[in-house]
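Take a look at the structure set out below.
The values are calculated or read from the model by the stated rules, or taken from the named source; none is laboratory data. From a predicted model like this one, the values you see are computed outputs, not experimental measurements. Don't worry about glycine lacking a Cβ; one is built from the backbone with ideal geometry, like all the others, and counts go over all protein chains shown. What goes into the accessible areas is simple: the full protein's heavy atoms, side chains included, and nothing from ligands, DNA or RNA. Shrake-Rupley method; radii C 1.70, N 1.55, O 1.52, S 1.80 Å.
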Amino acid sequence: MAAFHPLVASRVHLSPLLPAAAGPAAAVAAGLSFHRRRFSAIVAAATAPTATEFDFKAYMGERAVAVNQALDAAIPAGEPPAALHDAMRYALLAGGKRVRPALCLASCVVVGGREAWAMAPAAAVEMVHTMSLVHDDLPCMDDDDLRRGKPTCHVVYGEPIAVLAGDALLSLSFGHMASMDSYPPDVDPEKHPARVVRGIGELARCIGSEGLVAGQVVDLEMTGSTETVPLDRLEYIHLHKTAALLEASVVIGAIIGGGSDEQIERLRKYARSIGLLFQVVDDILDVTKSSEELGKTAGKDLASDKTTYPKLLGLEKSREFAEKLLCDAKEQLADFDKEKAAPLLYLANYIAYRQN
C-alpha cells in the first residue's frame with residue numbers, strides 16, 4: 001500500500017477540530033464533560049417551545065419541493081442520449097433530504113440575501129453531491145447496491161453509464177451555476193457576476209484534489225489497512241470527503257447573498273463542524289441501524305474494514321464527540337439574527353439527531 005500522502009498541506013487549510021491533547025483518545029476526551037454540560041443547556045434553549053417556534057419540518061419540506069423542481073427542470077427528459085439523461089435523473093431525483101441545498105439557501109438569507117438568488121447554486125451543490133454518491137457506490141469504490149432506498153445507479157444502468165452520468169452531473173453543476181438565466185432578475189447586475197465567479201471557485205476547490213476527491217483517495221488507501229489509522233488522519237478523510245461539500249454549500253450561499261468576509265468565515269467554521277458531525281453520526285448509524293431504516297446497506301463500513309469513529313473511539317465517545325461538534329457549530333451562529341439563523345440552527349440539530 002502506498003504511504004499516506006501529506007495532503008494535509010493542501011491549500012484547503014481545514015483546521016483541526018479536535019483539541020491537540022496528549023494523544024488521540026485524550027484529545028477527544030478532553031473537554032467532553034464541559035461540552036456535555038454546555039450541550040444540554042444549548043439543546044434545552046433551542047428546543048424550548050415559544051409562540052413563534054420555527055417549523056423545521058415544514059421548512060425542509062418546502063425547500064425540498066423547490067429544489068426538486070429546479071433539478072427536474074435542469075436535466076432534459078427523453079432527449080438523446082436518453083440512457084444518460086435517464087440515469088442522471090434517476091440518481092438526482094431518487095429522493096434525498098436535500099440538506100446541502102437547504103444549507104445553501106439558508107446561508108444566503110442569514111447574511112441578508114434573498115433565497116431565490118441561491119437556488120441555482122443550491123441545485124448545483126446537489127448535482128455534485130449526487131455525482132459523489134453515484135461514483136462512491138461503484139464496484140471500484142465502495143461497491144454498494146442500495147442508495148436512498150433504491151438500487152444504485154450502476155445496478156440499474158450499468159457501470160459505464162453510471163460513471164458517465166456522474167461526469168455529466170458534475171459538468172452540469174458548473175454550467176447551471178454560471179448561467180445568468182439560472183438567476184432571478186433582481187440580482188445586483190454589478191456585484192452578482194463577481195459573486196458567482198467566487199462561488200464557482202469555492203465549489204471547485206471543495207470538490208477536487210484539495211477537497212472531496214482528496215478525502216476519497218485517502219479513505220481508499222486506508223480501507224483494509226493493517227495499520228491503526230490515527231485519529232487525525234480519520235478526521236482528515238472526513239473533513240475532506242464529507243465536510244468539504246457541506247462547507248461549499250454554506251459558503252457559496254453566503255457569497256451569493258453578499259455576506260461580509262467575517263460572516264463568510266464564521267459560516268465556514270459552522271459548516272466544518274456540522275460536516276464532521278454529519279460523518280460521525282453516519283458512522284454511528286451504520287452500526288446501530290438496519291438497512292431498511294437507513295435506506296442503504298447497514299454495516300458496510302464494518303464489513304469492508306473501514307476505520308470509523310466508533311471503531312477508533314467506541315460508540316459512547318463517538319456520541320460525545322458529536323455533541324461537542326454540535327455545540328461548536330451553534331457558537332458560530334451566535335452573532336447572526338436569530339430568526340434568520342433559525343434554519344441553520346435547526347439543520348445542525350437535524351444532522352446531529354437524524355435517524356438515517
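Quick notes on this one:
- Accessible area in the full protein assembly, largest first, 1.4 Å probe, for Asp261, Asp136: Asp261, Asp136
- Size of electric dipole in the range 54-353: Cβ of Lys, Arg +1 and of Asp, Glu -1, about Cα centre, debye, nearest 20: 480 debye
- Computed over the range 198-356: relative contact order in percent, which uses C-alpha pairs under 8 Å that are six or more apart: 24 percent
- The order of Thr308, Thr288 by accessible area, most exposed first and with a 1.4 Å probe, is Thr288, Thr308.
- In the context of the full protein assembly, Arg272 retains an accessible surface of approximately 30 Å², using a probe radius of 1.4 Å and ignoring ligands and nucleic acids.
- The range 135-290 shape via C-alpha gyration tensor axes, a/c threshold 1.5: oblate
- Over the range 54-353, accessible surface divided per residue gives 39 Å², non-protein components excluded, 1.4 Å probe.
- Too-long pairs where the Cα-Cα distance tops 18 Å, listed order kept, from Lys241/Lys306; Lys241/Lys269; Lys97/Lys317: Lys97/Lys317
- Residues Ser318, Ser290, Ser171 ordered from highest to lowest accessible area at a 1.4 Å probe: Ser171, Ser290, Ser318.
- With every protein chain in place, the range 213-356: carbon and sulfur % of accessible area (1.4 Å): 50 percent
- By definition, a body whose alpha carbon gyration tensor gives a ≥ b ≥ c is oblate when a/c is 1.5 or more and a/b is not larger than b/c, and the range 54-353 fits this oblate description.
- Sequence-distant contacts, meaning Cα pairs under 8 Å at least 6 residues apart, place the relative contact order of the range 112-207 at 33 percent.
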